[in-house]
């Protein structure tokens with residue numbers, strides 16, 4: 001008959017892919033026991049480690065079946081522990097789904113939070129978020145970037161760190177994720193926690209949980225500003241952020257054409273309804289600049305859309321960003337254009353955007 005000690009010895013080599021720490025030590029595997037010739041254990045992964053569930057289950061099953069006297073393995077899946085002070089969205093709110101909204105909780109060490117949002121995908125929102133973060137850091141600010149686009153995380157590729165895995169410290173409810181440092185900023189992203197082609201097939205509650213963990217269970221340290229790259233639309237991620245944390249405001253990214261404006265209006269209206277300040281509009285892909293004729297400008301998607309949206313909402317048009325090859329090259333090589341080609345039209349435009357937001361949000365390096 002297998003003993004509890006033998007079962008623990010069998011699972012001792014299993015570790016977290018990010019930190020390399022024992023799953024038993026982390027508390028992700030617990031309540032290990034045997035019932036006759038069946039081994040039973042509880043598997044409870046935090047949201048940021050959910051992508052490892054299939055691997056861990058397979059390795060644990062194989063290890064336990066190799067123990068003499070064990071013919072079967074039963075895994076009891078448990079929900080990950082909620083982040084500190086987090087309640088379910090809409091559980092008791094008069095926002096979507098309930099009565100009174102939960103009190104917003106600041107992030108220790110983070111002075112300001114700025115979200116970058118768009119009504120639809122494909123407008124360059126992540127490009128704006130990444131380059132804005134890098135431009136703010138280049139100005140002397142201590143900057144974090146939270147890639148909250150859980151289903152389509154692109155920030156790791158844009159920052160050249162897609163092959164890296166963040167470290168996890170602590171255990172149980174005290175687990176903390178260490179952000180990845182790149183291009184002068186600290187960043188976390190779902191893209192760092194899953195395989196390159198692995199889809200994230202989650203419903204709302206799991207999405208809410210991972211975003212709250214990215215907010216409150218990451219060692220952000222002292223940051224003058226945290227830039228949050230939101231997914232497109234007006235769904236769970238936007239609601240979670242708006243209800244969870246106090247924000248300096250949100251930047252709305254659009255392109256000039258009408259279909260982009262229609263969706264951007266909805267996103268802008270949602271943040272106003274949630275009581276989040278709209279800092280302004282960024283019009284991306286304003287004009288194409290051909291590499292062989294840098295003095296030319298071609299308005300491929302029309303013109304004036306960003307200004308129209310800003311005027312309708314009574315907010316400033318913060319930037320009109322051109323389309324040019326250095327932007328594409330920077331996103332694919334992991335060196336954003338604001339750093340790789342600071343003298344380009346796009347590089348200058350991103351620095352001006354960062355300067356305007358620094359002024360409007362009173363961003364300045366904290367005194368040591």
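The values are calculated or read from the model by the stated rules, or taken from the named source; none is laboratory data. This one's a predicted model, so the numbers in the text were calculated from it and none came from an experiment. Please note: Cβ atoms are built from the backbone with ideal geometry, for glycine as well, and neighbour counts cover all protein chains shown.
Against the conditions (1) closer than 18 Å to residue 210 by Cβ; (2) surrounded by 24 or more Cβ atoms within 10 Å (Cβ to Cβ), where does residue 133 fall short? Just the number, please.
Only one criterion in (1) closer than 18 Å to residue 210 by Cβ; (2) surrounded by 24 or more Cβ atoms within 10 Å (Cβ to Cβ) is unmet by residue 133, namely (1).
Inspect the range 360-367 for any residue being at pLDDT 90 or above and either part of a loop (DSSP other than H, G, I, E, B) or closer than 28 Å to residue 159 by Cβ (or both) and give the result as yes or no.
Looking through the range 360-367, none of the residues is at pLDDT 90 or above and either part of a loop (DSSP other than H, G, I, E, B) or closer than 28 Å to residue 159 by Cβ (or both).
Return a yes/no flag: does the range 254-271 have any residue that is under 29 Å from residue 166 (Cβ atoms) and assigned to a loop (DSSP other than H, G, I, E, B).
No, because not a single residue in the range 254-271 is under 29 Å from residue 166 (Cβ atoms) and assigned to a loop (DSSP other than H, G, I, E, B).
For the list (1) touching a residue at least 12 places away in the same chain (Cβ under 8 Å); (2) farther than 22 Å from residue 363 by Cα, I need the number of the one condition that residue 221 fails.
Going through the list (1) touching a residue at least 12 places away in the same chain (Cβ under 8 Å); (2) farther than 22 Å from residue 363 by Cα, residue 221 breaks only (2).
Yes or no, residue by residue, for (1) under 24 Å from residue 20 (Cβ atoms); (2) in a helix (DSSP H, G or I):
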| position | (1), (2) |
| --- | --- |
| 129 | no, yes |
| 132 | no, yes |
| 135 | no, yes |
| 140 | no, no |
| 163 | yes, no |
| 166 | yes, no |
| 191 | yes, yes |
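Among (1) touching a strand residue (DSSP E or B) at 6+ places or on another chain (Cβ under 7 Å); (2) modelled with pLDDT under 95; (3) in a loop (DSSP other than H, G, I, E, B), there is one condition residue 117 misses while meeting the rest; what is its number?
All conditions pass for residue 117, except number (3).
When only residues in the range 324-350 that are farther than 16 Å from residue 135 by Cβ and out of contact with any helix residue (DSSP H, G or I) (no Cβ under 8 Å at 6 or more places or on another chain) count, which is surrounded by the fewest Cβ atoms within 10 Å (Cβ to Cβ)?
Here the residue is 328.
Output the residues belonging to the range 21-39 that are surrounded by fewer than 17 Cβ atoms within 10 Å (Cβ to Cβ) and either in contact (Cβ under 8 Å) with a residue 60 or more places away in the chain or over 30 Å from residue 199 (Cβ atoms) (or both).
Result: 25, 31, 33, 35, 36, 37, 38.
Take the range 307-333 and flag every residue that is in a helix (DSSP H, G or I) and out of contact with any strand residue (DSSP E or B) (no Cβ under 7 Å at 6 or more places or on another chain).
Scanning the range 307-333 gives 308, 311, 312, 325, 326, 327, 328, 329, 330, 331, 332, 333.
Quick one: residue 236 ticks every box in (1) modelled with pLDDT of 90 or more; (2) surrounded by fewer than 24 Cβ atoms within 10 Å (Cβ to Cβ); (3) under 21 Å from residue 105 (Cβ atoms) except a single one, so which number is it?
Going through (1) modelled with pLDDT of 90 or more; (2) surrounded by fewer than 24 Cβ atoms within 10 Å (Cβ to Cβ); (3) under 21 Å from residue 105 (Cβ atoms) one by one, residue 236 breaks only (1).
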